[in-house]
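Working notes, beginning with the structure itself.
The values are calculated or read from the model by the stated rules, or taken from the named source; none is laboratory data. Computed from a prediction, not measured in an experiment: that's the story for all the values here. Cβ atoms come from the backbone with ideal geometry, glycine included; neighbour counts cover every protein chain shown.
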Amino acid sequence: MSRPRVMGVVNVTPDSFSDGGRYLTAEAAVTHGLDLLADGADLLDIGGESTRPGATRPLVSEELARVVPVIRQLADAGAVVSVDTMRSEVAEAALRAGATLVNDVSGGLADPRMLAVVADTGASYVAMHWRAHSDHMTDFAAYDGPGGVVAGVRDELAGRVEAMLAAGIAEDRIVLDPGLGFAKRAEHNWELLADLEPLRALGFPLLVGASRKSFLGSLLAPEGGPPRPVEEREHAHAAVVAHLTRLGAWGVRVHDVRAARDTIAATAAIVAKERTP
Ligand code: PMM
């Protein structure tokens with residue numbers, strides 16, 4: 001596929017910043033997933049742990065109970081399903097229930113068993129750049145080395161790639177993600193978006209999640225005023241999706257699938273004409 005894949009977000013959590021509590025029952029989450037598929041999602045990302053700044057972690061049993069029934073039903077309905085989890089037990093159960101991709105925001109750092117589980121099952125694996133759990137990640141939002149945030153994220157992801165390959169994950173199963181908003185201040189996110197080439201040069205497909213994040217809210221805030229509310233950030237997000245389409249990103253992780261598909265379609269139509277001699 002030459003255009004970015006659209007990964008629709010289904011958060012089965014009480015507290016996600018973007019949609020917390022809206023799809024907490026399995027029935028509501030499944031209905032939402034089916035709606036996202038009808039809107040054109042290429043795959044669905046099902047998560048049971050909120051990673052909003054300051055969030056505390058659910059019990060493993062809670063996370064399992066939230067995601068497994070939803071994954072089973074959506075996979076049975078024909079969806080390509082990824083599980084958004086940092087826990088190997090949840091990844092294993094999700095893969096048994098029909099998921100084919102593990103989206104680990106910690107890139108294997110949160111659970112020492114994760115990489116081995118992914119290698120053993122042959123699942124695809126999204127490794128996001130991450131430094132610490134959400135309750136204290138803002139303490140780690142400093143990139144003082146040469147090359148700043150771009151070089152810092154690239155080097156830390158390169159280290160994760162080494163660990164993944166050493167664990168036996170096949171090269172063609174790996175997707176990398178810069179982790180916008182995770183141990184990053186707003187200007188870090190913009191710097192990363194402006195300079196994704198060093199990450200791409202690592203040689204893996206890139207997934208990016210900017211949808212509804214607070215750096216969009218702060219960009220759009222009136223002077224001295226509060227951030228733009230979560231549900232009013234979509235136009236700014238569309239500009240990010242257009243940019244990622246031009247860069248040839250592998251995928252975008254989004255809440256509003258239809259808006260992302262429309263943005264990608266229009267951008268791709270322009271790009272196709274540019275390339276015609
Ligand atoms: N962001 C969130 C959760 N999971 N996974 C990947 N791969 N990349 C991201 O940027 C990412 C993620 C947080 O956003 P949400 O609370 O709206 O799901």
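Among all positions in segment 205-218, there is no residue which is away from the ligand (no atom under 16 Å from the Cβ), out of contact with any Leu (no Cβ under 6 Å at 6 or more places or on another chain) and in contact (Cβ under 8 Å) with a residue 24 or more places away in the chain. Residue under question is Ala132, and the condition is that it be of a type outside the set (Asp, Glu) and at pLDDT below 95; does it hold? Yes: the conditions hold for Ala132.
In segment 129-153, the residues that are farther than 23 Å from Gly54 by Cβ and part of a helix (DSSP H, G or I) form Cβ pairs under 7 Å with partners that are among the small types (Gly, Ala, Ser) and modelled with pLDDT under 95, at six or more places apart or across chains, as follows: Ala151/Gly145. Summed over segment 89-113, residues that are farther than 20 Å from Pro205 by Cα, aliphatic (A, V, I, L, M) and either more than 16 Å from the ligand (Cβ to nearest atom) or in contact with a helix residue (DSSP H, G or I) (Cβ under 6 Å, 6 or more places away or on another chain) (or both) total 6. May I ask you to say which residue of Val117, Val9 is more than 13 Å from the ligand (Cβ to nearest atom) and of a type in the set (Val, Ile, Thr)? Exactly one residue qualifies, and that residue is Val117.
Here segment 242-272 is the region considered, the condition is being within 15 Å of the ligand (Cβ to nearest atom) and among the hydrophobic types (A, V, I, L, M, F, W, C), and the residue that is nearest to Ile46 (Cα to Cα) is Val254. Residues in segment 13-47 that are modelled with pLDDT of 95 or more and touching a helix residue (DSSP H, G or I) at 6+ places or on another chain (Cβ under 6 Å): 9 in all. When Gly224 is tested against (1) crowded, with 22+ Cβ neighbours inside 10 Å; (2) at pLDDT below 95, just one condition goes unmet, and that condition is (1). Taking (1) crowded, with 21+ Cβ neighbours inside 10 Å; (2) in contact with a Lys or Arg (Cβ under 6 Å, 6 or more places away or on another chain); (3) not in a loop (DSSP other than H, G, I, E, B) in turn, His188 satisfies each apart from (2). Checked against (1) β-branched (Val, Ile, Thr); (2) part of a helix (DSSP H, G or I); (3) closer than 16 Å to Ile174 by Cα, Val126 passes all but condition (2). Asp19 falls short on exactly one of the conditions (1) within 18 Å of the chain's Cα centre (by Cα); (2) outside any strand (DSSP E or B); (3) crowded, with 22+ Cβ neighbours inside 10 Å, and that condition is (3).
Within the option set Ser18, Ser82, Ser50, Ser88, being touching a residue at least 12 places away in the same chain (Cβ under 8 Å), in contact with a strand residue (DSSP E or B) (Cβ under 6 Å, 6 or more places away or on another chain), of a type in the set (Ser, Thr, Tyr) and under 30 Å from His136 (Cα atoms) holds for one residue only, Ser82.
Per the listing Asp172, Asp144, the residue uniquely acidic (Asp, Glu) and at pLDDT below 95 is Asp144.
For segment 43-83, residues that are within 16 Å of the ligand (Cβ to nearest atom), surrounded by fewer than 18 Cβ atoms within 10 Å (Cβ to Cβ) and among the acidic types (Asp, Glu) total 0. Is there a residue in segment 251-266 that is over 26 Å from Val102 (Cα atoms), part of a loop (DSSP other than H, G, I, E, B) and in contact with an Asp or Glu (Cβ under 8 Å, 6 or more places away or on another chain)? Checked segment 251-266: no residue is over 26 Å from Val102 (Cα atoms), part of a loop (DSSP other than H, G, I, E, B) and in contact with an Asp or Glu (Cβ under 8 Å, 6 or more places away or on another chain).
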